[in-house]
Amino acid sequence: MPFEEYADPILGELWFEDDDEAPKRKEKDEDQANDNPYEDHIPNSNYTNLTELSPLDHERQNNDNDFDLDPEDSELIDIKIQELGIEVLAFYKSIHNEKKEPYPGKWGIFVYDWALEKLGQEIFVRYGGKYDPFESRNFAWKKIHKHEMYHFFIDAWTLSKESILKRELYNDYLKEVYNVFRPGLEVVEESLANRFVFNSLKRGAPLYEVKDWVIDFMDRQPGAYANFRGDPFPKRAKLAAQILMGKKWKPQMTDESQAPWMKFNPKNPIHLPESCPNWLISNVTITGLPLLSYSLPKHSEISKYLENYCAGTLERTDHAYLKIDNGQKVKVPNKHSGEDCIRQFEFKNILHKSEISRPDYFYERERTKTWKPKFCPRKYPL
């Protein structure tokens, strides 16, 4: 059975109009329609090209004998892989969010063409040209595809739970857990996705020939991405609890009863590679992606932004809040252990509350020499 035929009836039954929860569910559904978990990748997909890929092999191209990647772009990608992990190269878009940007009406695994150039070139150099550019790109595609297929599996597993519980789980999990903690160690889905790749590095398997490169590539990713070794059972138990609990989940919570069912099952026809569409994205400049364009600000910088640029005055409750020039109260992010920068969701919330876009934030940071009082505060309304 095609995965869409399995998924569509379940997704259609998640909301009921004849029960007491209908108004809340409808309101929540409308809120989530405006909450796009993929906006850091391609905010608008109108100006990009999309080509469907084979689930097993990257297609041959006309330029198979050359790599086409600017050295500065390659360096930027290296930095972002270390900061954010493999998601700077590709992403999985859930069938739950098929109607959302990017590419409304499509879902599955999306990989940027320059990601295959970047990793293919690494493999080509690492092994001294043993594999030609096409073979090197193909290894890169297999690595990316294997990792992203685990995300598809988790999507399918969550869908099966939604069919039983008759309530939405996946987007709650994305919003309340995954996007809050990524790339920290609590995002065990990324640890398990790289573990899925690690387990595939057996003699005779497609990636075995470049095993050393695959392991090194995963080791240089941050937080949860590099935490793929060790017993996967506790991570599966934690992931099950995260998905089933959503906003109520706390870091100590696990669900060991569900952990055994969170293993990829090659005998399940829904889990076959052919069940998940694969797309190659071209005509996207690397620096045009929000995920790659800017680094997250440090805690000290964001305090200067709120206090100096937004004329924030301190208001204390159980947390530190600043009341800024537009009347909004903005929570000052706490510094998390081992993290110099604020988290992605914290930055997005601050931008929203202070009514400034991400590009304008960095333009103004440059203009004010990183929020020096001499050039602040801003003139509001903007």
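The values are calculated or read from the model by the stated rules, or taken from the named source; none is laboratory data. Computed from a prediction, not measured in an experiment: that's the story for all the values here. FYI the Cβ positions are ideal-geometry reconstructions off the backbone, even for glycines, and counts take in every protein chain you see.
Tell me the residue from E148, E135, E122 that is of a type in the set (D, E, K, R), in a helix (DSSP H, G or I) and within 22 Å of the chain's Cα centre (by Cα), please.
The match here is E148.
For R365, are the conditions met, namely being surrounded by 15 or more Cβ atoms within 10 Å (Cβ to Cβ), modelled with pLDDT under 90 and among the basic types (K, R)? Judged against the criteria, R365 is a match. Determine whether the stretch 234-241 contains at least one residue that is touching a Gly at 6+ places or on another chain (Cβ under 8 Å) and assigned by TED's automatic domain parsing to the domain that holds F139. Among the residues of the stretch 234-241, not one is touching a Gly at 6+ places or on another chain (Cβ under 8 Å) and assigned by TED's automatic domain parsing to the domain that holds F139, which makes the answer no. Whether any residue in the stretch 192-213 is part of a helix (DSSP H, G or I) and closer than 17 Å to P37 by Cα is what I want to check. For the stretch 192-213, residues part of a helix (DSSP H, G or I) and closer than 17 Å to P37 by Cα: absent. Residues that are of a type in the set (A, V, I, L, M, F, W, C) and at pLDDT 95 or above: does the stretch 218-225 have at least one? Yes, that holds for at least one residue. Taking the numbered list (1) free of Cβ contacts under 8 Å to residues at least 12 places away in the same chain; (2) farther than 18 Å from Q82 by Cα in turn, R137 passes all entries but (1). Quick check, is K161 without any contact (Cβ under 8 Å) to a residue 40 or more places away in the chain and in contact with a helix residue (DSSP H, G or I) (Cβ under 9 Å, 6 or more places away or on another chain)? Here the answer is no, as K161 does not meet what is asked.
Could you tell me whether the stretch 73-87 includes any residue that is part of a strand (DSSP E or B), under 14 Å from the mean Cα position of the chain (by Cα) and either over 16 Å from Q221 (Cβ atoms) or of a type outside the set (V, I, T) (or both)?
Here is the first cut: in the stretch 73-87, the ones part of a strand (DSSP E or B) are none.
No, every residue in the stretch 73-87 fails to be part of a strand (DSSP E or B), under 14 Å from the mean Cα position of the chain (by Cα) and either over 16 Å from Q221 (Cβ atoms) or of a type outside the set (V, I, T) (or both).
The residue that is surrounded by the fewest Cβ atoms within 10 Å (Cβ to Cβ), counting only those in the stretch 162-217 that are over 24 Å from Q252 (Cβ atoms) and among the aromatic types (F, W, Y), is Y208. Just one of the listed residues (E346, E339, E315) is part of a strand (DSSP E or B) and modelled with pLDDT under 90, namely E315.
Within the stretch 263-277, is there a residue that is surrounded by 17 or more Cβ atoms within 10 Å (Cβ to Cβ) and at pLDDT 90 or above? Within the stretch 263-277 (the criterion being surrounded by 17 or more Cβ atoms within 10 Å (Cβ to Cβ) and at pLDDT 90 or above), the answer is yes, since at least one residue qualifies.
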